[in-house]
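The values are calculated or read from the model by the stated rules, or taken from the named source; none is laboratory data. Because the structure is a prediction, the values reported are computed rather than measured. Every residue, glycine as well, gets a Cβ built from its backbone with ideal geometry; the counts of neighbours run over all protein chains shown.
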Amino acid sequence: MFDIQLFGRIEVRTRGIRLSGDDFGGERPRHLLALLALRGELSLVELADTLGIAPATVKDDLRVLRERLEPDVRGSESVVTGHRGLFRLAPERVRVDVATFDALITAAAGRSPERAARPLSAAAFLASRPLLEEECAPWAAEARAEYRAKLVMANPEKRPESAAQPI
């Protein structure tokens with residue numbers, strides 16, 4: 001199982017090994033991991049456009065990422081899967097803190113404040129450090145703003161006054 005952390009510094013823990021920073025083979029492979037963990041399945045073109053690089057470079061960087069995550073595993077058996085130009089992380093082999101955060105926010109939705117407190121507290125704990133805190137790319141800043149807003153909007157006591165009013 002690969003535990004992927006996107007809140008704070010990007011990190012992967014698996015089989016007693018922790019990868020972070022340049023352990024992924026550089027900035028671009030690390031960003032590819034973060035995008036796949038954050039957004040799910042993406043095409044080669046979407047990845048290239050988001051990172052502002054050529055599709056051939058994305059393919060090379062995905063190969064590097066696969067080698068760094070699983071040095072002795074063939075590409076077809078990697079946790080980073082690809083089929084017909086679409087890439088994703090094998091869902092049965094990864095746990096991503098952002099997915100846990102989203103599940104907790106969903107669990108709190110529509111509950112009374114008393115019943116929502118526990119999942120909201122757990123979500124706030126997960127998000128105690130900024131999403132992708134060391135990444136400066138525009139897509140990372142957008143994701144940070146999105147998740148900050150999710151947490152604020154999920155907690156009626158923390159919403160700005162205008163957002164708490166019914167439309």
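Of all residues in region 37-52, those being closer than 20 Å to E134 by Cα and surrounded by fewer than 20 Cβ atoms within 10 Å (Cβ to Cβ) number 4. Of the residues making up region 67-113, those that are polar (S, T, N, Q) and assigned by TED's automatic domain parsing to the domain that holds P130 are T100, T106, S112. Residues in region 102-119 that are farther than 22 Å from R9 by Cα and either surrounded by 20 or more Cβ atoms within 10 Å (Cβ to Cβ) or aliphatic (A, V, I, L, M) (or both): 5 in all. Of the numbered criteria (1) in a helix (DSSP H, G or I); (2) surrounded by fewer than 17 Cβ atoms within 10 Å (Cβ to Cβ); (3) not β-branched (V, I, T), the one A34 fails is (2). When the criteria are applied in full, R93 meets the requirement of being farther than 25 Å from P138 by Cβ, basic (K, R), surrounded by fewer than 17 Cβ atoms within 10 Å (Cβ to Cβ) and in contact (Cβ under 8 Å) with a residue 24 or more places away in the chain.
Taking the conditions exactly as written (buried (at least 16 other Cβ atoms within 10 Å of the Cβ), of a type in the set (D, E) and in contact (Cβ under 8 Å) with a residue 12 or more places away in the chain), does D3 satisfy them or not?
no
The set of residues in region 100-115 being free of Cβ contacts under 8 Å to residues at least 24 places away in the same chain and not in a loop (DSSP other than H, G, I, E, B) consists of A103, L104, T106, A107, E114, R115.
In region 139-158, the residues that are more than 16 Å from L126 (Cβ to Cβ) and at pLDDT 90 or above reach residues that are assigned to a helix (DSSP H, G or I) and not hydrophobic (A, V, I, L, M, F, W, C) with C-beta atoms within less than 9 angstrom, at least six apart or across chains, in these pairs: W139/H31; W139/T50; A140/H31.
The residues of region 122-131 that are surrounded by 13 or more Cβ atoms within 10 Å (Cβ to Cβ) and in a helix (DSSP H, G or I), listed by number, are A122, A123, A124, L126.
Can you spot a residue in region 7-16 that is farther than 30 Å from K150 by Cβ, modelled with pLDDT of 95 or more and either loosely packed, with under 14 Cβ neighbours inside 10 Å or among the polar types (S, T, N, Q) (or both)? Checking region 7-16: not a single residue is farther than 30 Å from K150 by Cβ, modelled with pLDDT of 95 or more and either loosely packed, with under 14 Cβ neighbours inside 10 Å or among the polar types (S, T, N, Q) (or both). Search region 5-35 for residues being farther than 19 Å from A141 by Cα and β-branched (V, I, T), and hand back the single one that is nearest to the chain's Cα centre (by Cα). Taking the candidates together, the pick is V12.
From the list L51, L42, L32, the one residue that fits, being modelled with pLDDT of 95 or more and touching a Leu at 6+ places or on another chain (Cβ under 6 Å), is L32.
Of the residues making up region 54-76, those that are hydrophobic (A, V, I, L, M, F, W, C) and either in a helix (DSSP H, G or I) or at pLDDT 95 or above (or both) are A54, A56, V58, L62, V64, L65, L69.
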